[in-house]
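Structure record follows, encoded as structure tokens.
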2 protein chains.
Amino acid sequence: MITNIQRLESIPATSVEITTGFWGERQATNRQRTIPAIYRQLQLTGRLDAWDLNKKRERPKRHPVVHMFWDSDTGKWIEAVGHSLRTHPDPALEKQVDDVVSLIQKAQQPDGYLNTWFTAVDPANRWRNLRDWHEMYNAGHLIEGAVAYYQATGKRELLDVLSRYADHIDSRFGREDGKKRGYDGHPEIELALVKLYRETGETRYLNLSKYFIDERGQQPLYFDLEARERGEDPADFWAQTYRYCQAHEPIRDQMTATGHAVRACYLYAGVADIALEIGDQTLLDTSRRLWDDLTQHQMYVTGGLGPAHSNEGFTFAYDLPNETAYAETCASIALVFWAHRMFHIDPDARYIDIMERALYNGVMSGVSYEGEHFFYANPLSSYPNVNPHEHFSGITSDRYYRRTEWFYCPCCPPNLARLVASINSYFYTVGGDTLYAHLYNPNRARVNVGGSAVQIEQQTGYPWDGDVHFTIQSDQPATFTLALRVPGWCRDFQVTVNGTRLSEPVMNGYVRLRRTWSNGDTVTLSLAMPVERIAPHPMIRQDAGCIALQRGPVVYCLEEADNWPQLANVAIPRDARLTPEVDSSLFGGVGVITGDAVRVEPASWSNNLYEPQSTLQYANTPLIFKAIPYCFWANREPGEMRVWMRES
Amino acid sequence: MITNIQRLESIPATSVEITTGFWGERQATNRQRTIPAIYRQLQLTGRLDAWDLNKKRERPKRHPVVHMFWDSDTGKWIEAVGHSLRTHPDPALEKQVDDVVSLIQKAQQPDGYLNTWFTAVDPANRWRNLRDWHEMYNAGHLIEGAVAYYQATGKRELLDVLSRYADHIDSRFGREDGKKRGYDGHPEIELALVKLYRETGETRYLNLSKYFIDERGQQPLYFDLEARERGEDPADFWAQTYRYCQAHEPIRDQMTATGHAVRACYLYAGVADIALEIGDQTLLDTSRRLWDDLTQHQMYVTGGLGPAHSNEGFTFAYDLPNETAYAETCASIALVFWAHRMFHIDPDARYIDIMERALYNGVMSGVSYEGEHFFYANPLSSYPNVNPHEHFSGITSDRYYRRTEWFYCPCCPPNLARLVASINSYFYTVGGDTLYAHLYNPNRARVNVGGSAVQIEQQTGYPWDGDVHFTIQSDQPATFTLALRVPGWCRDFQVTVNGTRLSEPVMNGYVRLRRTWSNGDTVTLSLAMPVERIAPHPMIRQDAGCIALQRGPVVYCLEEADNWPQLANVAIPRDARLTPEVDSSLFGGVGVITGDAVRVEPASWSNNLYEPQSTLQYANTPLIFKAIPYCFWANREPGEMRVWMRES
């Protein structure tokens, strides 16, 4: 198994041209609206100015800790720009990012240290609180930005800066004499260092990443030690437990996904990277064990993760409240990162199924259709006035949960931008003489597989339509296996090659077409895509008596804009006719589902909150409901929303 | 109307002897277990020692503000003891409370000030933060304790101490020159001062209470002014808005019940007191308006108040989550206080209906059957591991929500003890020549009504049975109206006098029997008490598709102990037979409801969290369910609980 692992390689983004379709449109919006909007916010909020250490920077009165994360926002924006420039060169944008890179270069200290807060505002506290202050998290995002910028532009400046910073970190943290045995409270640098290693070939970065993963949670706990060095009682840690940051015990001993969901999945992605790079069997086992726990017990149907606002994370198995779901956009993004890595450990479509679920639902709900407003939390139902952060205000006028332009802690917008900009790299993987096609969307890819350079093109209306047409172009006949993913949601499919239907078996979620391909060969994969009534696991108490509608990978929801308010009273009969169609008037043309439902409400009601049922007449008004893709909710008139709908 | 008001008087506790039955048993437990248990906790936690100002008292490292409320716990315990001694003299207990009173006497400062924290620990901050530091709240509870202690023992010492403290407060706060225009962040002193006025006849205390109510929320806002005096920015108030403490605008302008639920209802009870004492029409209107808003939009079926943990209080109309309900025991207690006062403004049973709903459900759920464990929050459904304060710990083993012996902020246990000890005073009211009987439970009462001294006795199995038998004893024939409450939950009743059925009309919720009563006259009120399937208002999204079971005033719940886990999957058919009976093996004999239900679960399930419904076989296993009174939940094996049950 381990030897297989290292032969799997994603086709790089530059080799995959996304032409149109869902991802084509979302990438255009990301380029034209989201990336510029984030830049404006970086400017407006002082995050770019902060790189100029000569400019006076105030310590904010409230929540200064968030200001300690500022550098990461720039890092993610650079990464988004880097990915975008790789597939869509843009000299003006390149100039803009070059200028930011120059600022960063100048902010690096002679010893390699690079952090605006702990240089300009609070130098005495450098490296004094890894648990809370995110220095390595910032470093990780800057490293990822540097790698993407270098890959896009060939300019090494930022990569060199971050290599020096990584050297600095390596000189201070580790098991060797004179080093501190620290690791970051917010994992992220682990996976970033693996990227830096892969780009530079410098094994010290791989080893440093491995050290961070191995040392985490070892006794004596570093976060206890550094708290005492600060004169604090470790028991005063605001989050009460190092489970919050997955540092309560060594990763190899951890049995369940726990704590802050973004930290968890960044860490697990890093664990998968190291497992894959060094072929460590217990890390591989840990990765699979945590994956199964998370996806079998703690994941929303949208691919959202983390039910609780209190810890921005996990609670316990089957606890998946809808209205109060946190399901941070970043957590679903981190799940995509982890899933993609898991496939490269275990080439099985089950990982890609989850990745796709997160992408089309819990990730893309994080950004508005027009691309300039964002969700941090992605609840699965929404009612006026239900923002749990607003209870204090006791607002009695109607208020709705809506996307906003920015956040005080704006981790999600640039995270989303970098993922959308890099979605190309999630489409294909080559392993030996097998070409895996994971995602379906119009695209053209140049790949080397089984010793041949071929081009493969997809034409499809996916995810609104299940037919995917492939054309192979190759100067010479090419022998390889084309492994087409048959998604877990699909229960019936056909595949034809040059019009001839084949009955190849599905192995690990891929139908494998092995042959010598000639120029112009065509393949059609037809995935049956009926509307599915999805039932929740019987232990998910919050969904009991409800179903969700899913078609293909897309989860649908009811919105008040289409169905009037009091959506909790709308019930869908077990035998209701459910009709999918593409509504060309909606968001450039997206799938919708209509069907028969009933509105279960008394015909009249008194002023009383509670009445004997026998005194009421129930109306059960018939209703034609319309459900839209969850990821597009909250783009029209404000109102209620529900993913899980009552059955009648 | 206003002139009527002042003729209504509750029959004092000393005149009502509760003999047996629900309240007889609960009072015995309160006397024998709860009051001693609270005393032990006051000792153990240092609250009694704190009254000895010579003893060294440490400033706690965390949450010192709670230590500022310590005096109130003693005050409430004294009040509970006072009420108990009135009906059940107990020399040993009286000695115990006398000793505590001596301690308190010695703690009073020469200027009348009386607060252990701001004398022994932080004298520099006396009266510097009325918004958060609860000095007047403590004073109010000590005043209530002093009045009850005096009424029970005839000993004036504590009443004199508290009168001097009230004088001190009166000398510092008010609209006169040289006084500060303050009022407490946590209302309570308002209603306490009215009690002190009624006991002492000193109108300054009434006027001070009226001043607190009138001044609250006036511009410029006092909490702003005092914050600035402390060098703080008022905008830094942790609760973000003075709605939290009902001080955002004058009470006469307030349209909805808002903020911290206990503060709200203590304030509203004080407003009702002042409205009643001075006959202020706009305060009467305010009381009715806030009452209607609260009971028609923001009250749980259990009489619980305040859905949100974040502000321990209200959010917005029809927002009544069950599992995460805060529904603090103190809030339901405060609702009882307010409801009782509202009746004395508007003699209408609708207030007593709510009072009774709170008493039998959301109040009594606050204490365990054995009397030594308490709930702070009273959720309407409960699942393992769902304490929202424990998300950080990410505990994965089973954990259940259970009562505990004490709390860091233990406002609820002594509050409950004082209410249970004083329940006698909630049974009857005399208004002119009308004797109102509000509550039903075996008891004997001596009353003066219409110029005659009579004794009235009740025999009943209420709340498990709807028949109530009254016997009148009177040395001479007595002419008065016996007004028997026909509860709002009752839709059919009969009343007989000396065996003859009458058909008197119900007016304002009371059937009024006017006659000249002779010694030995008997009255039987037979309240039809079927099991009711209670439907929620269609705007309460959290209860959609569910019913609650209620019989008489008692709300029932499903517990795992009787019904196995996964209660969310239990559905009760619309036509299910529902059988009430008294289970003599349970909690000394309480009503239970059994009936037919179905368990709606797939026959088998994969590891997946979500499956297409069409691939599942549903078992719909029949089940005989058993529901127990909500107030007795969590007294057996730990497990799930639900009030709102799915319908099928």
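So which residues in segment B:209-234 are open to solvent by 60 Å² or more (accessible area, probe 1.4 Å) and of a type in the set (A, V, I, L, M)?
Correct list: B:Leu225 only.
What tally of residues in segment A:253-271 results from selecting those that are of a type outside the set (Ser, Thr, Tyr) and in a helix (DSSP H, G or I)?
Number of matching residues: 10.
Looking only at segment B:280-287, decide whether some residue is part of a helix (DSSP H, G or I), open to solvent by 30 Å² or more (accessible area, probe 1.4 Å), more than 25 Å from B:Thr241 (Cβ to Cβ) and of a type in the set (D, E, K, R).
No, the conditions are met nowhere in segment B:280-287.
Kindly evaluate B:Arg403 against the criterion of being open to solvent by 10 Å² or more (accessible area, probe 1.4 Å) and closer than 13 Å to B:Val367 by Cβ.
Considered against the rule, which asks whether it is open to solvent by 10 Å² or more (accessible area, probe 1.4 Å) and closer than 13 Å to B:Val367 by Cβ, B:Arg403 comes out as yes.
Checking the structure you have, find out if any residue of segment B:617-626 is surrounded by 15 or more Cβ atoms within 10 Å (Cβ to Cβ) and touching a Ser or Thr at 6+ places or on another chain (Cβ under 6 Å).
Yes, segment B:617-626 contains a residue that is surrounded by 15 or more Cβ atoms within 10 Å (Cβ to Cβ) and touching a Ser or Thr at 6+ places or on another chain (Cβ under 6 Å).
Condition first: hydrophobic (A, V, I, L, M, F, W, C), touching a residue at least 12 places away in the same chain (Cβ under 8 Å) and assigned to a helix (DSSP H, G or I). Now tell me which residues in segment B:110-136 satisfy that.
B:Trp117, B:Phe118, B:Ala120, B:Val121, B:Leu130, B:Trp133, B:Met136
Out of A:Leu567, A:Leu586, report the one residue that is closer than 16 Å to B:Tyr318 by Cβ and open to solvent by less than 30 Å² (accessible area, probe 1.4 Å).
Answer to the selection: A:Leu567.
If you take the residues of segment A:505-557 that are within 9 Å of chain B (Cβ to nearest Cβ) and small (Gly, Ala, Ser), which of them is surrounded by the most Cβ atoms within 10 Å (Cβ to Cβ)?
A:Ala548
Report yes if some residue within segment B:577-589 is modelled with pLDDT of 95 or more, within 12 Å of another protein chain (Cβ to nearest Cβ) and either within 27 Å of A:Leu567 (Cβ to Cβ) or part of a strand (DSSP E or B) (or both); otherwise report no.
Yes: segment B:577-589 contains one or more residues that are modelled with pLDDT of 95 or more, within 12 Å of another protein chain (Cβ to nearest Cβ) and either within 27 Å of A:Leu567 (Cβ to Cβ) or part of a strand (DSSP E or B) (or both).
Write out, first by first residue and then by second, each pair whose Cβ atoms fall under 9 Å of each other, whose residues are 6+ apart or on separate chains, and whose first residue, in segment A:251-272, is closer than 20 Å to A:Tyr211 by Cα while the second is in a helix (DSSP H, G or I) and among the acidic types (Asp, Glu).
Qualifying pairs under 9 Å: A:Ile251/A:Asp214; A:Arg252/A:Asp214; A:Arg252/A:Asp285; A:Tyr266/A:Glu190; A:Leu267/A:Glu190; A:Ala269/A:Glu190; A:Gly270/A:Glu190; A:Val271/A:Glu190.
Quick test for you: out of B:Leu206, B:Leu193, pick the one residue that is over 27 Å from B:Met299 (Cα atoms), modelled with pLDDT of 95 or more and surrounded by 23 or more Cβ atoms within 10 Å (Cβ to Cβ).
None of the others qualify; the one that does is B:Leu193.
Looking only at residues in segment A:255-270 that are open to solvent by 10 Å² or more (accessible area, probe 1.4 Å) and under 11 Å from A:Ser287 (Cα atoms), which one is nearest to the other protein chains (Cβ to nearest Cβ)?
A:Thr256
In segment B:194-248, how many are within 14 Å of chain A (Cβ to nearest Cβ), more than 27 Å from the chain's Cα centre (by Cα) and among the small types (Gly, Ala, Ser)?
2
Could you list all residues from segment B:288-310 that are over 26 Å from B:Asp214 (Cα atoms), part of a strand (DSSP E or B) and at pLDDT 95 or above?
B:Met299, the sole residue that qualifies.
Identify all residues within segment A:490-510 that are closer than 14 Å to A:Ser526 by Cβ, part of a loop (DSSP other than H, G, I, E, B) and in contact with a Lys or Arg (Cβ under 7 Å, 6 or more places away or on another chain); write none if there are none.
A:Glu504 - this is the single residue of segment A:490-510 that is closer than 14 Å to A:Ser526 by Cβ, part of a loop (DSSP other than H, G, I, E, B) and in contact with a Lys or Arg (Cβ under 7 Å, 6 or more places away or on another chain).
Looking only at segment B:590-648, filter to residues that are closer than 27 Å to B:Met364 by Cα, part of a loop (DSSP other than H, G, I, E, B) and of a type outside the set (Asp, Glu); which one of those is farthest from the other protein chains (Cβ to nearest Cβ)?
Here the residue is B:Asn635.
Say we look at segment A:306-325 and pick out the residues that are facing chain B (nearest Cβ under 7 Å) and within 18 Å of A:Cys411 (Cα to Cα); which of these is surrounded by the fewest Cβ atoms within 10 Å (Cβ to Cβ)?
Selected residue: A:Ser310.
Select from segment A:278-298 the residues that are over 21 Å from B:Arg399 (Cα atoms) and at the interface with chain B (Cβ under 8 Å from one of its Cβ atoms) and write down the one among them that is farthest from the chain's Cα centre (by Cα).
A:Asp292
Go through A:Ala107, A:Ala139 for me and flag whichever is over 20 Å from A:Val194 (Cα atoms), in contact (Cβ under 8 Å) with a residue 24 or more places away in the chain and of a type in the set (A, V, I, L, M).
A:Ala107
Conditions: (1) open to solvent by 10 Å² or more (accessible area, probe 1.4 Å); (2) within 27 Å of B:Gln246 (Cα to Cα); (3) outside any helix (DSSP H, G or I). B:Ser163 meets all but one. Number of the miss?
(3)
Among the residues of segment B:238-249 satisfying the criterion of being outside any helix (DSSP H, G or I), modelled with pLDDT of 95 or more and open to solvent by less than 20 Å² (accessible area, probe 1.4 Å), which is farthest from B:Asp319 (Cα to Cα)?
Residue satisfying both the conditions and the ranking: B:Ala247.
Can you confirm whether B:Pro487 is within 11 Å of chain A (Cβ to nearest Cβ), in a loop (DSSP other than H, G, I, E, B) and of a type outside the set (Lys, Arg)?
For B:Pro487, the condition - within 11 Å of chain A (Cβ to nearest Cβ), in a loop (DSSP other than H, G, I, E, B) and of a type outside the set (Lys, Arg) - is not met.
Which condition does B:Arg252 not pass, out of (1) open to solvent by 20 Å² or more (accessible area, probe 1.4 Å); (2) within 14 Å of chain A (Cβ to nearest Cβ), if it passes all the others?
The failed condition is (2).
Going by the structure shown, is A:Asn385 at positive phi and either within 14 Å of chain B (Cβ to nearest Cβ) or modelled with pLDDT of 90 or more (or both)?
yes
Looking at B:Phe392 and the list (1) touching a Gly at 6+ places or on another chain (Cβ under 9 Å); (2) at pLDDT 95 or above, which single condition is not satisfied?
The one condition B:Phe392 does not meet is (2).
Scan segment A:50-58 and give yes if some residue there is under 22 Å from A:Leu191 (Cβ atoms), open to solvent by less than 30 Å² (accessible area, probe 1.4 Å) and aliphatic (A, V, I, L, M), otherwise no.
Scanning segment A:50-58, I find no residue that is under 22 Å from A:Leu191 (Cβ atoms), open to solvent by less than 30 Å² (accessible area, probe 1.4 Å) and aliphatic (A, V, I, L, M), so the answer is no.
Considering segment B:173-189 alone, what residues qualify as being open to solvent by 10 Å² or more (accessible area, probe 1.4 Å) and touching a strand residue (DSSP E or B) at 6+ places or on another chain (Cβ under 6 Å)?
B:Lys179, B:Lys180
The values are calculated or read from the model by the stated rules, or taken from the named source; none is laboratory data. If you're wondering where the values come from, they're calculated on a predicted model, not measured in any experiment. Methodologically, a virtual Cβ is constructed for each residue, glycine included, from the backbone with ideal geometry; neighbour enumeration extends over all protein chains shown. Keep in mind that these areas ignore ligands, DNA and RNA; they rest on the heavy atoms of the full protein, side chains included. Shrake-Rupley method; radii C 1.70, N 1.55, O 1.52, S 1.80 Å.
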